[in-house]
């Protein structure tokens, strides 16, 4: 698969996910607006299973938001912060050469956490997202 085909596939998936998220938001909004007038709907919305799925979605979106901030900083070559993040990743990779094997997810999480701490430590007043 060529790089263009790969990016086209990613773009399509992003569009589908974005559309799905907007549809979920609309449906949840409608349910939230109708719930006060419908006790049965209010009860079903507040069930444990429903709240767990909402919390799972929230957690996944929070993680994705943090990753997307990190990703945009890394790929923005002209960004000073991007260069610091790339350097952090290089240092992390070098220090892990002899360390235990971690999953890609663990490496990304560590890199984003490290990058966030460096960013905040540099005295930046604005939030990354």
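Values in this text are rule-based calculations from the coordinates and carry no lab data. What you are looking at is a predicted structure, and each value in this text was computed from that prediction instead of being measured. Cβ atoms come from the backbone with ideal geometry, glycine included; neighbour counts cover every protein chain shown.
Set the Förster radius R0 to 22 Å, insert the Cβ-Cβ distance between residue 65 and residue 38 as r into 1/(1 + (r/R0)^6), and round the FRET efficiency to 0.05. Mind showing how you got there, number by number?
Numbers: r = 32 Å, r/R0 = 1.46.
Once the sixth-power term is evaluated, E becomes 0.10.
Extension gain residue 25-residue 4, at 0.36 nm per residue separation less the Cα-Cα distance, in nm?
Result for the pair: 4.4 nm of gain on full extension.
For q = 0.17 Å⁻¹, what log10 I(q)/I(0) does segment 1-65 give under the Debye formula with an equal point scatterer on each alpha carbon and no solvent?
Debye intensities relative to I(0), on a log10 scale: -0.74.
Given R₀ = 22 Å, what would the calculated FRET efficiency be for residue 72 paired with residue 113, taking r from the Cβ atoms and rounding to 0.05?
0.85
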